[in-house]
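The values are calculated or read from the model by the stated rules, or taken from the named source; none is laboratory data. Please read all numbers here as calculations on a predicted model, not as lab measurements. Backbone-built Cβ (ideal geometry, glycine too); neighbour counts: all protein chains shown.
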Amino acid sequence: MNIKDIKKEFPIFDNKVHNNDLVYLDSANSSQKPKVVVDRIYDFYTKEFSNVGRSVHYLAVAATNLYENTRVLVQKYINAKDPNEIVFTKGATEAINLVANTFGQKYLKEGDEILITELEHHSNYVPWHYLRKSKGVKINFADVDENGDISIESIEKKITPKTKILAITHLSNVTGAILPIKEIIQLAHSKNIPVLVDGCQGAPHLKLDMQDLDCDFYAISCHKMYGPTGLGVLYAKKKWLEELPPYQGGGGMIGEVKKEGITFGDLPNKYEAGTMATAQVIAFGESINFINKLGIEKIEEHERELTKYGEEVLRKNNSVKLIGNPKNKGSVLSFTLDGVHPHDIATILDEDGVAIRAGHHCCQILHEKLGLAATARASLGVYNTKEDLDQLNNSINKCIKIFNS
Amino acid sequence: MNIKDIKKEFPIFDNKVHNNDLVYLDSANSSQKPKVVVDRIYDFYTKEFSNVGRSVHYLAVAATNLYENTRVLVQKYINAKDPNEIVFTKGATEAINLVANTFGQKYLKEGDEILITELEHHSNYVPWHYLRKSKGVKINFADVDENGDISIESIEKKITPKTKILAITHLSNVTGAILPIKEIIQLAHSKNIPVLVDGCQGAPHLKLDMQDLDCDFYAISCHKMYGPTGLGVLYAKKKWLEELPPYQGGGGMIGEVKKEGITFGDLPNKYEAGTMATAQVIAFGESINFINKLGIEKIEEHERELTKYGEEVLRKNNSVKLIGNPKNKGSVLSFTLDGVHPHDIATILDEDGVAIRAGHHCCQILHEKLGLAATARASLGVYNTKEDLDQLNNSINKCIKIFNS
Amino acid sequence: MDLKDLYQEIILDHGKNPRNLGKFENFNKDAKGHNPLCGDKVHVYLKVDENKKISDIKFEGHGCAISMASASIMTELMKDKDQKEVNELIEDFLKMIKDNPELKSNLISDDDKTKLMSLSGVKKYPMRVKCATLPWHTLISAMTNKPGEVNTEKED
Amino acid sequence: MDLKDLYQEIILDHGKNPRNLGKFENFNKDAKGHNPLCGDKVHVYLKVDENKKISDIKFEGHGCAISMASASIMTELMKDKDQKEVNELIEDFLKMIKDNPELKSNLISDDDKTKLMSLSGVKKYPMRVKCATLPWHTLISAMTNKPGEVNTEKED
Ligand SMILES: Cc1ncc(COP(=O)(O)O)c(C=O)c1O
Ligand SMILES: Cc1ncc(COP(=O)(O)O)c(C=O)c1O
C-alpha cells in the first residue's frame, strides 16, 4: 500500500458530489472508512453474527474472541500495559462522561477544582460542568495564547492546591495545536493531579504510547480513526478502573445480584454494561490493522507534509486568515475570509465537491476568545493530497469572487 | 415476502455450523440481521458517509436527513405522538440508565421507593440500584407467581404512598410472560406513578402503540429487532424529556456554552451528546422497513404459532421441564433437563448447529426464586420454523442419551 | 447554476449592508434567536403601537449572508404592518420556503415579493433553510413576547 | 466426534457423583469461586497441617458436568500433597488445559494422569475452559488465603 494512492482503499471516493470528485476535508469531524473495515462489518453480520460473551454456542464463542481480539489490538496500538485498561464506549464523549461522573462521585467535593483549557471541545467541558451542580466544584480554564496554543506555563498558573484533575486536549480540533501533553502530565503528576487527555484528534494522527505518556485517562473516538460510528475507547490506568465506581448498570457488568445488593464484575466487564457495539468493535480491529499496515509514523509524516503545504497555500492567499499558528500544528486548517461568513464558504465549496465544516466546532469558549462566532475548517486524513488543498484554495477564490463581484 | 421462507432474507443461514445447518434459537439475546439492513450499512459507509448535523456539505446534509428519517420511522412504528419523543442511545441498557439517572436526580429523595419486579433483567435493576446509594431510595420487588407471571395484584400490593416510579418488563426474557402492561400502567397512573417499560423483548415481537399504552418511558434494544448492534431507543413522553435534566454532556446537545455556565439544546438534541451511531441509526430504518413489509401482526401470529408448537413438543418430552407457564407467553422457551446442566445442554446442542443460551440470562433474582442457578433457553425470531423446534427436541434427546448412558 | 440562485445580487447586497441593523431606545417587544449548531444569532426589537402595528423594527446579530439578508429584508417589509398582517406575511414566507413555489399574500408589492423570493434559493440547500427562517421565527417570538430564545432546532 | 472427548465416561461419572462433595468441620483455609457469566459456583475447604500438607479437602458448589468433574478429580488428587506439590500440579494442569498436549508432573500416577487428562476435551470448547479451571483457581485462592472470591473473569 502506497500512501500516495491510498484513496483507492476508500470506496467513498468512487462517488461524485455535485458532479465533482469528492475532496473530503472534514476528517476532524469524522473520517471516511476503508473498504476492509466496511467489509468486516458486512462479513460479521452475514457470516458470523452473534452476541458476545453470554452464550456458549459456536457463533457466540467466535464473536467473543473477535471482540476481545480488538481490545488487544487497541492495547498494543496505544501501548497500554494491559488489555483490561481498554474500555469500549459509545464514543469519546461517553468516555469523558464516564470519567467525570465516576471520578466526581468518588473523589470530588465542594470547593474542589477541575482544570481544563480554553481550547476544549464541549465534550471535555460539559461533563465536568455537571459536577458544578452536583458537587459544587469549580472549573478553571488555562488560557489559550494568541497562537491558539496552550503552554505548560499557562497550565501551571492555574493549578492550585484544590485542583483535583486536569482534563486537556491532545490536538485542538480548531487551531490544530498539538499540546506538549507529556510535559503537562509530568507537571500535573508532580502535584499529584491525575490527567485525562481528550485524544479525539490525537489518536487518528499521532503515534501513541500510554506507558510513556503516563496519562491517567485517554479518550478516543473510533469514527475519527477510520472506524465505525457509535464506538469510542476509554484508556484508563488499571488502578483507576479498579478504584472508581461503575458507570452504567446492566447485564454483563455484575458479579452477584441479590435483592439486597449487587456486586460488580471484574475488568473489563465492570464498565461494559449491556450488549456492546459488537460489530463495531470487531470492525474497529480492521481500522487498527489498516493503520498498522501503513504505519502510523508514515501517516504522521504524510499529514505533516500536507498540513505544511496547506498552510503555505492558504497563507499565500491574501484573503484568507488562518486561525492559530501553534508551535506544533496537526492536520487542522481553520480560517476565515473577510466579508464571507464561514457558512457561506462551506456552501460554495460544497458545490465544487469540497467538504469542509463551518461553525464553532463545538468550541464556543475558544471562539468567544478569538472574537469569532464561527470559522471554516479544512481538516486532513490519510487519503488527502496536495491536489485536494489546491482545489480548496481554488474554491476559496471562487467564494471571494462571488462575494466581491 | 412469505414468512415461511423468510430465512432467505438472512444471509447468516447460508453458513454451516459444525457442518450442520444453523438452527438459531438465541434471538432473545440478539437477532440475526436481514440482508437489507447489512446492505444499508455497507452502502452508507461506501457511498454516503458523513457525520450528522454539524456540517453543511452535501454528504452531511444527506446523512442528517437519513438519520432523522429513522427517527420518524421509529415514531410511527411505535405510534409515538412526536418524533422528538424518540431518543437514540447505545442500547436499551443505556436508555434505562438515562431515565434512572435523570429521574433520580430530579425527583427522588431519601425514603422514596422504586417498584420493579422479580422478573427484571439486570438492566432494569442495576441502574435503579445506584439510586439506593446516591439518594437513599428503597427498591421493592413485585412477586413473580409460580407460573413465572406478574399479576396486576402483585403490583398493586407493593405500591405505597412513597412509590415514585414503576419499572417493569413487557415480555420476560426467561419465562416468556407477556405482562398486562396497559392495565398496570393505568393502575400506576391512577396513583400518579410514572411507568418505565423495559421493551427489549416486547418491541421485536409485539405490536406497539405508545399513545394507547400511555407509558412514560419505553426502552428498545435495536439489535434484538433485526437491527445493528450498538443502538437502542428510548421513547419518553415529551414532557419528561423537557423536564428532566440532560444525561451525558458533549457536542450537539448544548445551547450556549460560556465559562460561567451552559444552556442545553432542545429536543431531540438534548439527549444525544457527541457523535451518534449514525450508520446504525440509518440502518435501523431498514429494520423497521423490513418489519413493516412483513407486518408486525403477521410476525406476531407466526411467532405465537411457533411458541405454541414449541411448548407442545417440549411438554411431550418427559425429560424436559419447561420454566414458566404464563397466561400469555411470547417467543421464549426456557427449560431444564434432569441431570444435565444447562451449559452442557448448550454445548451438546451446539454440536448439531442448534444455538441456544444457558445461564441466568441476566435474571439472577428470578433464578434464585426458581431455585435454579441456570436454565437453558430457546428463543424465537421471525426466521424460525417448526422444523427448528423439532431439531431442538432431537438434540435435547441426544443430551439425555449422552448423560444417561 | 444553483449557487447563483442562492447568492443573488440582492442577497449579497442585504447580507453585506443589512438594513435596520441596530437597536433603538424605546422598543417594547424583543426576542433573541439562536441556532446552536452553527452559532447564528439574531435579536429582534419591536415597537408595537396601540393599534398593534409595528411602528419600528430593528435587529442585531451576526450570521451568514442568508440569515443577515433575511433579517434585513424582513425588517423592511414588516414596518407599519399590524399584527394580523405580520402573521400573514410570516406564514406566507415560511410556507414558501418549505413548499410553495410562490408567495400568496397580497399585502406586499410585486417588487417586495421579488425581493423576498430572492431567499427561495435556499430550498435546494436544506441545511441553509434554518439560516433564512431564524429571523422570522424570532419575530414570532417577539410578537407573542415569549420569554427566552427562539432556537431553530425547535421547529419544523 | 469431539463431544465424546468432552463428555468421557469418567467426566460424566464424576459430574454426576462428585467425590469429596461437602464441607468438614475443622477446615483452616477456604475460598469461593464464581463465574458471574454462567453462575457456576464452587467453594473449596482445606485442612492444611503444620507441614503445609493438605490433610483434608472438600468442596461445595454447583455447575456443569465439566466444573463438577474437575472439582471432584482435583480434590481426589490433592489430598496429602504439600504446598509445593499442589502448586506444581495446578500449574501443570492449567498449562495442559491451555497449551500443552500432556501433563508433565511426576507427582501423580499414570492412572491419575489419565483421569486428569479426561478434562482435556475442553480445549476444543473455549467457552468451557473456564468451567474446568474454576475449581483450580479457587484452590489457588484458598492456599494463599486471599480474601473474597475468585472470579474466573479475572484471569487470562
Ligand atoms: C428484558 C431485557 N431487558 C434488557 C436487556 C438489555 O438490552 P441491551 O443489552 O441491548 O442493552 C435485555 C437483553 O439482554 C433483555 O432481554
Ligand atoms: C477534540 C474533540 N473532543 C471530543 C470530540 C467528541 O467526540 P465524539 O463526538 O466522537 O464523542 C471531538 C469530535 O467531535 C473532538 O474533536
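Return the only residue of D:G61, D:G39 being part of a strand (DSSP E or B) and within 14 Å of chain B (Cβ to nearest Cβ). Of D:G61, D:G39, the one residue that is part of a strand (DSSP E or B) and within 14 Å of chain B (Cβ to nearest Cβ) is D:G61. The one condition from (1) modelled with pLDDT under 85; (2) within 14 Å of chain A (Cβ to nearest Cβ); (3) in contact with a strand residue (DSSP E or B) (Cβ under 8 Å, 6 or more places away or on another chain) that D:N145 does not meet is (2).
Restrict the check to the stretch A:244-251 and report whether at least one residue is in contact with a strand residue (DSSP E or B) (Cβ under 6 Å, 6 or more places away or on another chain), within 13 Å of chain B (Cβ to nearest Cβ) and within 16 Å of ligand 1 (Cβ to nearest atom). Yes, because at least one residue in the stretch A:244-251 is in contact with a strand residue (DSSP E or B) (Cβ under 6 Å, 6 or more places away or on another chain), within 13 Å of chain B (Cβ to nearest Cβ) and within 16 Å of ligand 1 (Cβ to nearest atom).
One residue stands out in the stretch B:263-273 among those that are within 11 Å of chain A (Cβ to nearest Cβ) and at pLDDT 95 or above: the one that is surrounded by the fewest Cβ atoms within 10 Å (Cβ to Cβ), namely B:E272. Taking the criterion of being out of contact with any Asp or Glu (no Cβ under 9 Å at 6 or more places or on another chain) and part of a strand (DSSP E or B), the residues of the stretch A:360-388 that qualify are A:T375, A:A376.
Out of curiosity, is C:P36 exposed (fewer than 14 other Cβ atoms within 10 Å of the Cβ) and touching a Ser or Thr at 6+ places or on another chain (Cβ under 9 Å)?
For C:P36, the condition - exposed (fewer than 14 other Cβ atoms within 10 Å of the Cβ) and touching a Ser or Thr at 6+ places or on another chain (Cβ under 9 Å) - is not met.
Do we have any residue at all in the stretch B:72-79 that's within 16 Å of ligand 1 (Cβ to nearest atom), closer than 23 Å to B:M253 by Cβ, modelled with pLDDT of 95 or more and within 9 Å of another protein chain (Cβ to nearest Cβ)? Within the stretch B:72-79, none of the residues are within 16 Å of ligand 1 (Cβ to nearest atom), closer than 23 Å to B:M253 by Cβ, modelled with pLDDT of 95 or more and within 9 Å of another protein chain (Cβ to nearest Cβ).
Scan the stretch A:77-88 and tell me whether some residue there is within 16 Å of ligand 2 (Cβ to nearest atom), among the polar types (S, T, N, Q) and not in a helix (DSSP H, G or I). No, the stretch A:77-88 contains no residue that is within 16 Å of ligand 2 (Cβ to nearest atom), among the polar types (S, T, N, Q) and not in a helix (DSSP H, G or I). The set of residues in the stretch B:131-147 being within 16 Å of ligand 1 (Cβ to nearest atom) and not in a strand (DSSP E or B) consists of B:V144 alone.
Just one of (1) hydroxyl-bearing (S, T, Y); (2) within 21 Å of D:P18 (Cβ to Cβ); (3) modelled with pLDDT of 90 or more fails for D:T152. It is (3). For the stretch D:71-92, the count of residues that are at pLDDT below 95, within 30 Å of B:H360 (Cβ to Cβ) and surrounded by fewer than 20 Cβ atoms within 10 Å (Cβ to Cβ) is zero.
In the stretch B:152-177, what count of residues is obtained for those that are within 12 Å of ligand 1 (Cβ to nearest atom) and out of contact with any Ser or Thr (no Cβ under 6 Å at 6 or more places or on another chain)? Please lay out each step first, then the result.
Applying the first criterion (within 12 Å of ligand 1 (Cβ to nearest atom)) to the stretch B:152-177 yields B:167-177.
Of the ones still in play, those that are also out of contact with any Ser or Thr (no Cβ under 6 Å at 6 or more places or on another chain) are B:167, B:169-173, B:175-177.
Residues meeting the conditions: 9.
Using the structure shown, decide if B:K224 is basic (K, R) and either under 30 Å from A:E48 (Cα atoms) or buried (at least 20 other Cβ atoms within 10 Å of the Cβ) (or both).
Numbers: basic (K, R): yes; either under 30 Å from A:E48 (Cα atoms) or buried (at least 20 other Cβ atoms within 10 Å of the Cβ) (or both): yes.
So B:K224 fits the description; yes.
Across the stretch A:19-37, the qualifying residues are those that are away from ligand 2 (no atom under 16 Å from the Cβ) and in a loop (DSSP other than H, G, I, E, B), and the one among them that is nearest to A:S334 (Cα to Cα) is A:L22.
Residue-by-condition table, conditions (1) away from chain B (no Cβ under 11 Å); (2) touching a residue at least 24 places away in the same chain (Cβ under 8 Å); (3) buried (at least 24 other Cβ atoms within 10 Å of the Cβ):
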residue: A:A28; (1), (2), (3): no, yes, yes
residue: A:Y45; (1), (2), (3): no, yes, yes
residue: A:F49; (1), (2), (3): no, yes, yes
residue: A:V61; (1), (2), (3): no, no, no
residue: A:I86; (1), (2), (3): yes, yes, yes
residue: A:A92; (1), (2), (3): no, yes, yes
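Within the stretch B:324-339, if we keep just the residues that are closer than 22 Å to A:H57 by Cα and at pLDDT 95 or above, the residue that is farthest from the chain's Cα centre (by Cα) turns out to be B:L337. Just one of the listed residues (B:K298, B:K308) is more than 10 Å from chain A (Cβ to nearest Cβ) and either buried (at least 21 other Cβ atoms within 10 Å of the Cβ) or without any contact (Cβ under 8 Å) to a residue 12 or more places away in the chain (or both), namely B:K308. A single member of B:K238, B:K321, B:K259, B:K316 is surrounded by fewer than 19 Cβ atoms within 10 Å (Cβ to Cβ), more than 16 Å from ligand 2 (Cβ to nearest atom) and within 23 Å of the chain's Cα centre (by Cα), and it is B:K238.
Restricting to the stretch A:161-185, what's the tally of residues that are closer than 20 Å to A:K327 by Cα and either of a type in the set (K, R) or more than 16 Å from ligand 2 (Cβ to nearest atom) (or both)? Don't jump to the end; show me each part of the working.
From the stretch A:161-185, those closer than 20 Å to A:K327 by Cα are A:168-185; that's our starting set.
Cutting the leftovers down to either of a type in the set (K, R) or more than 16 Å from ligand 2 (Cβ to nearest atom) (or both) gives us A:180, A:182-183, A:185.
Count: 4.
Give C:D112, C:D5 a once-over and let me know the one that is at pLDDT below 95, touching an Asp or Glu at 6+ places or on another chain (Cβ under 9 Å) and in a helix (DSSP H, G or I).
On the way: C:D5 fails: touching an Asp or Glu at 6+ places or on another chain (Cβ under 9 Å).
On inspection, the qualifying residue turns out to be C:D112.
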